[in-house]
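This report concerns only the one structure given below.
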Amino acid sequence: MEEIPKNHPRYYSLMTRKKISQLMEEGLVHETGLIAHGRGEAFDYLIGERTIPPAEEAEKVAAAVLLCAKNPVISVNGNVVALVAKECIDLAESIPAKLEVNLFHRTNQRVNKLVNELKKQGAKEVYGVKADARVPGLNHGRGLCDKEGIFSADVVLVPLEDGDRCQALRDMEKAVIAIDLNPLSRTAKTANITIVDNVVRAIPNIIKWVEKLKSKDKETLRETVNSWDNSKMLKDVSSFISKRLNSLS
Ligand code: PTJ
């Protein structure tokens, strides 16, 4: 693969593409993961490729929810491992939370490759291999989960979700935190807390908030959580994007 010059104005974006396509060649990322990434890039462009204020607030509330949880689980797929494996491991350690691999395009080979990659980068335990349970009503690969992981979780963080699992997890009365650059997606509308930000910024920001909020008592954290209005935040994001587009055109 040819080198990308460091002074290229879109160096970071091109390097990210290179990384994700390399991991596709190695069989960790599914080929449609590249399409999902492209859609994400387009929405990221609309928000200015930075964390906008409603996302920062959602990241803070997400940290509070995770700190109040009894059995929080971070669900990861191919794209997430390609982009933020180390950051997810650090987040899981600081909460603490479990890490679980759940794949839409599930094969045992891909699950094992992703678990091995997470372990290589420092994860002590990764759920998702046993797949001894199923999210009710989800007949595709991402419905498979571990009894001790997602199945019994009270809070699930789902970066880069594919849509219907979010509703199914809510039907199981779990709290769902989604990271999705598309504020119009079904996932964005269904999650309890939607973070409209790129995972590469969102996960480090949640870590930052976990560290800041760790010392607070549960009562204070619950107040932060209870004051959250996800629909209002989604309206704020849409209004941010339309104002930005008007100012640019
Ligand atoms: O690894 P697998 O087999 O589980 O497959 C994973 C993919 C990504 C292929 C699967 O989950 C999928 O098809 O996802 P979708 O339905 O394309 O949804 C991906 C959503 O994530 C879209 O709304 C994108 O805008 C958003 N997205 C893409 N990249 C990012 C992102 N959101 C945040 N950060 C990103 N980097």
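Name every residue in the stretch 107-122 that is touching a Lys or Arg at 6+ places or on another chain (Cβ under 8 Å) and surrounded by fewer than 14 Cβ atoms within 10 Å (Cβ to Cβ), in order of residue number.
First pass over the stretch 107-122, keeping only residues touching a Lys or Arg at 6+ places or on another chain (Cβ under 8 Å): 121-122.
Within the stretch 107-122, just Gly122 meets the criteria.
How many residues does the stretch 1-23 contain that are part of a helix (DSSP H, G or I), touching a helix residue (DSSP H, G or I) at 6+ places or on another chain (Cβ under 9 Å) and open to solvent by less than 60 Å² (accessible area, probe 1.4 Å)?
Summing the residues that are part of a helix (DSSP H, G or I), touching a helix residue (DSSP H, G or I) at 6+ places or on another chain (Cβ under 9 Å) and open to solvent by less than 60 Å² (accessible area, probe 1.4 Å) in the stretch 1-23 gives 5.
Could you grab me the full set of residues in the stretch 167-180 that are open to solvent by 20 Å² or more (accessible area, probe 1.4 Å) and assigned to a loop (DSSP other than H, G, I, E, B)? Spell out the reasoning first.
Narrowing the stretch 167-180 to residues open to solvent by 20 Å² or more (accessible area, probe 1.4 Å): 167, 170-173, 175, 180.
Residues satisfying the conditions are Met172, Glu173, Asp180.
Is it true that some residue in the stretch 150-166 is surrounded by fewer than 18 Cβ atoms within 10 Å (Cβ to Cβ) and more than 14 Å from the ligand (Cβ to nearest atom)?
yes
Exactly one of (1) under 17 Å from the mean Cα position of the chain (by Cα); (2) within 18 Å of Val158 (Cα to Cα); (3) assigned to a loop (DSSP other than H, G, I, E, B) is unmet by Lys70. Its number?
Failed condition: (1).
So, in the stretch 233-249, how many residues would count as being touching a strand residue (DSSP E or B) at 6+ places or on another chain (Cβ under 8 Å) and farther than 20 Å from Ile177 by Cβ? Lay out the reasoning, then the answer.
From the stretch 233-249, those touching a strand residue (DSSP E or B) at 6+ places or on another chain (Cβ under 8 Å) are 233-234; that's our starting set.
Of the ones still in play, those that are also farther than 20 Å from Ile177 by Cβ are none.
Of the residues in the stretch 233-249, 0 are touching a strand residue (DSSP E or B) at 6+ places or on another chain (Cβ under 8 Å) and farther than 20 Å from Ile177 by Cβ.
Considering only the stretch 195-224, state which residues are open to solvent by less than 40 Å² (accessible area, probe 1.4 Å) and either among the polar types (S, T, N, Q) or farther than 15 Å from Asp90 by Cα (or both).
Answer for the stretch 195-224, where residues must be open to solvent by less than 40 Å² (accessible area, probe 1.4 Å) and either among the polar types (S, T, N, Q) or farther than 15 Å from Asp90 by Cα (or both): Ile195, Val196, Asp197, Asn198, Asn205, Leu213, Leu221, Thr224.
Looking at Lys60, Lys98, Lys70, Lys86 in this structure, which one is touching a strand residue (DSSP E or B) at 6+ places or on another chain (Cβ under 6 Å), open to solvent by 30 Å² or more (accessible area, probe 1.4 Å), in contact (Cβ under 8 Å) with a residue 24 or more places away in the chain and more than 13 Å from the ligand (Cβ to nearest atom)? Steps first, answer last, please.
Numbers: Lys60 fails: touching a strand residue (DSSP E or B) at 6+ places or on another chain (Cβ under 6 Å); Lys70 fails: touching a strand residue (DSSP E or B) at 6+ places or on another chain (Cβ under 6 Å); Lys86 fails: touching a strand residue (DSSP E or B) at 6+ places or on another chain (Cβ under 6 Å).
Of the residues listed, the single one that is touching a strand residue (DSSP E or B) at 6+ places or on another chain (Cβ under 6 Å), open to solvent by 30 Å² or more (accessible area, probe 1.4 Å), in contact (Cβ under 8 Å) with a residue 24 or more places away in the chain and more than 13 Å from the ligand (Cβ to nearest atom) is Lys98.
Could you identify the single residue in Arg186, Arg134 that is farther than 15 Å from Asn77 by Cβ, surrounded by fewer than 23 Cβ atoms within 10 Å (Cβ to Cβ) and in contact with a Phe, Trp or Tyr (Cβ under 9 Å, 6 or more places away or on another chain)? Lay out the reasoning, then the answer.
Working: Arg186 fails: in contact with a Phe, Trp or Tyr (Cβ under 9 Å, 6 or more places away or on another chain).
Testing whether each residue is farther than 15 Å from Asn77 by Cβ, surrounded by fewer than 23 Cβ atoms within 10 Å (Cβ to Cβ) and in contact with a Phe, Trp or Tyr (Cβ under 9 Å, 6 or more places away or on another chain) leaves just Arg134.
The values are calculated or read from the model by the stated rules, or taken from the named source; none is laboratory data. A quick note: this is a predicted structure, and the numbers were derived from the prediction, not measured. Every residue, glycine among them, receives a Cβ derived from its backbone with ideal geometry; neighbour counts consider all protein chains shown. The protein model used for the area step is the full one, side chains on, heavy atoms only, and it has no ligands, DNA or RNA in it. Shrake-Rupley method; radii C 1.70, N 1.55, O 1.52, S 1.80 Å.
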